[in-house]
Amino acid sequence: MCTVTYLPYNQGFILTHNRDEAPTRSPKVISEETILGDHLFFPKDTKAGGTWIVTSQAGKTACLLNGAFLKHQHQPPYRRSRGLVLLDFFTWDDPHAFFENYDFQGIEPFTFLFFQTNTAIELRWDGDQRFLNKLDPQSSHFWCSATLYPPEMQQVREKVFQDWLAVHPISAGGILDLHHHGSVGDPHHDFVMNRAEKVRTVSITQIVKAAQLVTMEYEDLLEPEGEKQIKKFNLETGNFPSEPGG
């Protein structure tokens with residue numbers, strides 16, 4: 001997995017994440033959990049119990065992609081699931097301390113993305129070293145998993161994103177439409193991909209932070225009509241009323 005886009009938007013951002021995975025590992029709902037007093041929202045992996053994308057009442061948002069720079073050789077057993085590492089991040093008060101001091105040895109390579117007001121950080125772990133990169137939170141960004149898409153295909157897919165960006169105004173609905181329909185002319189590599197049902201895009205999650213309001217929308221693509229769940233909360237008041245999907 002996966003395909004991820006980031007867009008600056010209305011004093012915040014739009015983060016949209018397509019998950020490419022075995023269909024048996026796709027949850028149906030958004031889970032909630034409180035860690036160190038921070039209320040988290042995330043879709044929970046049905047196999048390992050971790051996740052690939054989280055947003056929180058404290059204003060922290062993070063997500064994961066499999067692989068660092070290039071496709072690596074899978075060498076289990078690993079000490080800890082990458083999805084659990086993402087939840088571990090929220091047990092640290094200081095994000096920078098986590099990036100610098102968390103023990104990643106024995107964990108399969110990944111790309112970790114963290115977003116907060118005026119902050120965007122990318123951490124890549126290649127199995128031996130960590131590579132930390134501060135990103136411009138006022139610029140758009142694109143990622144796709146190194147385990148599924150070789151470098152040349154990553155460039156082709158990013159061009160689809162950049163071409164869309166050049167002619168469309170930034171909006172949550174607009175970028176969500178791209179995540180549904182972005183195409184390179186090959187179903188193995190389209191934004192919603194399918195490789196003989198063994199690996200396919202099983203869900204799309206979008207987090208919109210606009211001023212103090214945060215919305216997470218989770219769409220299960222394995223359902224015939226793409227069942228959705230939506231969670232909203234206000235960073236100032238701490239209110240997080242749940243809403244039914246549309």
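Numbers at a glance
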item	result
Odd one out for Glu225 among (1) at pLDDT below 95; (2) over 20 Å from Pro23 (Cβ atoms); (3) outside any strand (DSSP E or B)	(2)
Residue check for Thr201: modelled with pLDDT under 90 and of a type in the set (S, T, N, Q)	no
Matching residues, region 140-191, being outside any helix (DSSP H, G or I), of a type in the set (D, E, K, R) and surrounded by 12 or more Cβ atoms within 10 Å (Cβ to Cβ)	Asp190
Members of region 52-90 that are modelled with pLDDT of 95 or more, closer than 16 Å to Ile207 by Cα and assigned to a loop (DSSP other than H, G, I, E, B)	Trp52, Lys60
Residues (surrounded by fewer than 13 Cβ atoms within 10 Å (Cβ to Cβ) and not in a loop (DSSP other than H, G, I, E, B)) located in region 117-131	Phe131
Of residues in region 162-203 being among the basic types (Lys, Arg) and in contact with an Asp or Glu (Cβ under 9 Å, 6 or more places away or on another chain), the one farthest from Pro27 (Cα to Cα)	Arg195
Filtered residues of region 25-39 (kept if modelled with pLDDT under 85 and hydroxyl-bearing (Ser, Thr, Tyr))	Ser26
Of residues in region 30-48 being part of a loop (DSSP other than H, G, I, E, B) and within 16 Å of the chain's Cα centre (by Cα), the one nearest to Asp128 (Cα to Cα)	Asp45
Leading residue by the ranking (surrounded by the most Cβ atoms within 10 Å (Cβ to Cβ)) among those in region 1-48 that are within 19 Å of Phe90 (Cβ to Cβ) and touching a helix residue (DSSP H, G or I) at 6+ places or on another chain (Cβ under 7 Å)	Asp45
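The values are calculated or read from the model by the stated rules, or taken from the named source; none is laboratory data. Everything numeric here is computed off the predicted structure, so don't read it as measured data. Because the Cβ atoms are built from the backbone with ideal geometry, glycine has one as well, and the counts that use them run over all protein chains shown.
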